[in-house]
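Just so you know, all these numbers are worked out from the coordinates, no wet-lab data involved. Worth saying up front: this structure is predicted, and the values here are computed from it rather than measured. Because the Cβ atoms are built from the backbone with ideal geometry, glycine has one as well, and the counts that use them run over all protein chains shown.
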Amino acid sequence: MSTLAVHDHGVAHHEEGHEHHHDTFLTKYVFSQDHKMIAKQFLITGITMAVIAMLLSILFRIQLAYPDKSFPLLETLLGRFAPEGRLDPEFYLSLVTIHGTIMVFFVLTAGLSGTFSNLLIPLQVGARDMASPFINMLSYWFFLTACVIMLSSFFIQKGPAGPGWTIYPPLSALPTAMKGSGMGMTLWLISMVCFVASSLMGGINYVSTVLNMRTKGMDLWKMPLTIWAFFLTAILGVLSFPVLVAGVVLLIFDRSFGTSFYLSDIVVNGQVMPFEGGSPILFQHLFWFLGHPEVYIVIMPAMGISSEVMSVNSRKPIFGYHAMVYSLIGITVLSFIVWGHHMFITGMNPFLGGVFMITTLIIAVPSAVKTFNWLATLWRGNIRFTPAMLFAIGMVSFFISGGITGIFLGNAALDINLHDTYFVVAHFHLVMGSAAIFGMLAGVYHWFPKMFGKMMDEKLGYLHFWLTFIGAYLVFFPMHFMGLDGVPRRYYAFTEFASMQRWLSVNMFITWAAIMSACAQVAFLYNFITSIFWGRKATQNPWQANTLEWTTPVERLHGNWPGEIPSVYRWPYDYSKPGAEEDYILQTTPLSQTMSSNLPHDFEDNPAGLEALNKWTSTQKANEEVK
Amino acid sequence: MAFKKIIDSKKLLAFLTVFMLFGTNVLMAQTDASSPTGSKAGVNWLSVGYYVLLFLLIAISIAVIGKILKVYDLSQQIQGKKGIHWNNIMGVICLVFLVAGLGGAYWDITVQGSMTLPEAASKHGVKIDAMFLTTTIITLIVFVITQILLFTFLFRYRHSDKRRAYFLPHNNTIEKVWTIIPAIVLTILVIFGFFTWQEVENSSPVKGDVNIDVTGHQFAWEIRYAGPDGILGKKDFRLTAGANKLGIDFKDKNSMDDLQADTLVLPVNKVIRLNIFAQDVIHSVYMPHFRVQQNAVPGLPTFFKFTPTITTEEMRRKVDDPKFEYLLYCNKICGSSHYNMQRVVRVVTEGEYNQWIAKQKPYLTPALRTELKLAAADQKKSITQNRLALNN
């Protein structure tokens, strides 16, 4: 039905179609093809996964803080995975692996892109629904299947996958190498194939919707930065995820069918294995060919959301809109040719390492431009501190703090000593973990009224923000120094090294900071759930924003706009325009209605309009002279 | 307003303190009591309950504070005044956060920064450290300036009904400036880094003064020194069996005098070439004091060449720790005991090195010799059979 509506939008008979259609519970909430409902499904699944992954991280943080202490409660909860109240070393690695996998893929890719691309692309470009609502629905169901399979690995005998979220073979390919490379690894691989299928279906939908289904007047340069970010993210995903599948399928072959794509010259426990001629480095190339674009898949939607939220709440146009778009494009293109910086010390040709170092450091330029443009957006703004705004600001702060350490790690010479240490952990948790999750939370607070028609509580939002913001810095800032002392990541305990024992007090501090941040999320969850049911009712445009989604009714119709889809006449960032009555002008307001605030710049490709403007200004002047 | 009275009566606060004191006492008593009896005590539900209650209490007090604020806000509005200026409060908190954050960062950098690795104990390490220092200075400047701008802007331009934001969609000049400046700075870093990297990885001449094989397996490092002939014999993973745990090919005459060691002893100021192998999964040879790291990949022999410059004795004096040892440890996830896969590295003078190496035992132990004599013929056969099988 919605496909029909999409193809002839603006035609009057569309409205009648709605009234004949009665949604059952199943079609409305479960097998829904409405992009807004699918967005909510992604969001709630994503939040659930995030909470699970966060709890896993608290478990291994406790182990790191108290490596010698026994917690009988853990044995009660985890059984054989925590004999005598202490985590099993292999289960520790499983926790690290699953925490990473869930956070990177299930929360920050599906939970972030899936939610906000689905919600905002049709609403902000002016479409009734996605290009293919059915595939959109399938995308969610594949995602949910992937989640269920991933979590089910906790219930098998040997526990979940354990070779780290990067699953480098041979560790992941040899079931005898560790418990986590057995059945758990198989489930991980199956789950990931489902996930990539979901991601591709989503991505193709996003790209085609943005390219084909923009409303009248919405040319590419009138799209909000959120849409640009989601669009480029989807392109990145569509081009890079298939490579991960290729890598994963070859790994499945190596594991199950005796091939040697990644394996060669292997002796396990004195047993000579028959594998010959493969290369473990090949997997790393395939993995990071997705893996590096993946971190931009994670951060770019957060950037888009933050740009939009910061512009709305500074009551100021985003500074350098074109530069923001070009830097996003620059990041998109460059992100395909930097993957080797994860492999400087793997034995890859050093000359290649040098080349990857150059491309990696170039990518810092568009990132720097974005940061400066955000700062310039705040300058002389009129900043409203909504929770969404605070989270967007937090995103910028984390992006700076985490981004600059990337300049160390992107430098091959420095990477020799920093590779795989806590410095790396600190770097990517700030720049991709914290920054991206803050972008996501900014989006949740900002578009909650659009999703549920209710407002979230602001005070609880403030509390949530400050506790999380301070907590995240307390957790990740000290980790840099552990890394600079040569403390490796993925160590079960630092008790075996005299030189690392002095970091134990720091580890305890980090753990308690992490527990505090985790508790702060209760404020969010409480706020989120209660606001859905008992929140204050939202108005149509609660933030006085310009973009199209705020012209839709609060009731959230299937098809988005009750009548014709509105046309777009201007860019989305006309905030505080001099001469305008209000400090915002909706994208749907024609220039002819805002003569007092029009600028020559608004008529760049429109000579007739410019002439009209000149005529208008000269008559204004004449009138004033008469007075 | 009976509700308000309860809150104001300070009973809650008193109750909270009493609870905390009692709880802490109970907890302390618990830990005291449980430690001598051992850890087989079962779940300490009392302390679990204590933490849960503590959390609930905090949550309740936050709810109470929230309600008070709401009541205050409403009463202000009834009196026709404006409620709490949250924008101002947030602006001030931003400023406080900036000051506290920069202070904290400074504290962290001075206190924990001084806990990091001592000076580089190798020739190339000094260059890496210089590169590191340059990068740190540049990035710290950027970090401090941008964070100060971010949070002062937030405070300075917090919302006011009287003001309108300044409409500034773009400014090409300033955008060009802040594209070009980072580009120049990064170009400098790239060039500096590229040449440092090339120098570190420079492999000519191929051989070092001392050549050592390091082989990683779950979960230990095997170290093989060349014997008096100075050449390491060939290896073949298919020969791994029994006492020949590295798969050394003893048909190669150079293998006969190869030595095994359990400490990596290095002569100071000599070029060391580590030949790095892995048997089962990927490991990583990490020697942070020398700024050395190279993955050990099964099927892909790698190497790292470096020159240690500070002996262990000297370093002990420098860091003022008589027990200090250089270490080699694994830095690539490799399984359950990944966290304990280490070897001591000792840098000594050339004389001491020569004395030490003379005492090391050869790989070809009498046991292995007998084993090989018996197995030599079998091996040959099985290899040819393998080849045949592959050809089919």
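Remarks
- Straight-line cross-link reach from residue B:253 at under 13 Å between alpha-carbon atoms covers these aspartates and glutamates, not counting any fewer than eight positions away in the same chain: B:229.
- Over segment A:548-626: Rg over Rh, Cα atoms, Kirkwood Rh: 1.08
- Dividing the radius of gyration of the alpha carbons in segment A:134-266 by their Kirkwood radius gives 1.12 for Rg/Rh.
- Principal-axis tilt of helix A:35-65 within chain A, Cα atoms, nearest 10 degrees: 40 degrees
- Helix A:133-152 and the longest principal axis of the C-alpha atoms of chain A enclose an angle of approximately 30°.
- Distance violations [Cα-Cα > 22 Å] among A:316/A:537; B:245/B:361; A:316/A:621: A:316/A:537; A:316/A:621
- Taking amide H as placed 1.01 Å from N in the peptide plane, residue B:303 has its amide H under 5 Å from the amide H of B:276, each at least 5 places away in sequence or on another chain.
- Per-selection Kirkwood Rh - segment B:210-384 (Cα, Å, 1 d.p.): 17.0 Å
- Order by protection proxy (mean Cβ within 10 Å, highest first), peptides A:119-131, A:29-41, A:252-264: A:119-131, A:29-41, A:252-264
- Working from Cα pairs under 8 Å separated by at least six residues, relative contact order for segment B:210-384 is 24 percent.
- Order of A:490, B:346 under a 10 Å beta carbon neighbour criterion, fewest first: B:346, A:490
- Near residue B:126: Cβ cut-off under 10 Å, other residues only, Lys/Arg at +1 and Asp/Glu at -1. The net charge is +1.
- Cα pair count fraction exceeding 46 Å, expressed as % - chain A: 19 percent
- Partners for residue B:373 among aspartates and glutamates (Cα-Cα distance below 15 Å; same-chain residues under 8 apart left out): B:249, B:252
- Fraction in percent of alpha-carbon pairs per bin - 5 Å, segment A:434-493: 4, 14, 17, 18, 13, 10, 8, 7, 6, 2, 0
- Sequence-distant aspartates and glutamates (8 or more away, or on other chains) whose Cα lies within less than 14 Å of residue B:123: B:199, B:201
- Kirkwood-type hydrodynamic radius, segment A:182-332: 18.0 Å, calculated from all non-identical alpha-carbon pairs.
- Order of B:334, A:147, A:519 under a 10 Å beta carbon neighbour criterion, fewest first: A:519, A:147, B:334
- All other residues whose Cβ lies under 15 angstrom from that of residue A:504 are scored, Lys and Arg at +1 and Asp and Glu at -1, for a net of 0.
- Nearest-0.05 FRET efficiency for residue A:512 and residue B:57, computed from C-beta distance (R0 25 Å): 0.90
- Listed residue pairs exceeding 32 Å between alpha carbons, taken from A:36/A:216; A:577/B:176; A:454/B:82; A:69/B:305; B:70/B:162: A:69/B:305
- Take each residue in A:339-350, count the other chain C-beta atoms within 10 Å of its C-beta, and the mean is 4.
- Whole-angstrom gap from segment B:184-262 to segment A:503-541, using each part's C-alpha centre: 51 Å
- On Cα atoms only, tilt of A:458-484 relative to the major axis of chain A in degrees: 40 degrees
- Ordered by the number of other Cβ atoms lying within 10 Å of each residue's own Cβ, fewest first, B:291, A:86 fall into the sequence A:86, B:291.
- Across peptide A:198-207, the mean count of Cβ atoms from other chains lying within 10 Å of each residue's own Cβ comes to 0.
- Taking chain A and dividing mean pair separation by its residue count, relative contact order in percent (alpha carbons under 8 Å, at least six apart): 15 percent
- Note on residue B:350 and residue B:313: the model spin-label points, each 7 Å out from Cα along the C-beta direction, lie 1.6 nm apart.
- Between residue A:24 and residue A:349, the C-beta separation translates, for a Förster distance of 60 Å, into a calculated FRET efficiency of about 0.50.
- Residue-averaged beta-carbon neighbours from other chains (10 angstrom radius) around B:85-97: 3
- Net +/- balance of residues flanking residue A:315 in space, Cβ distance below 9 Å, scoring K and R +1, D and E -1: +2
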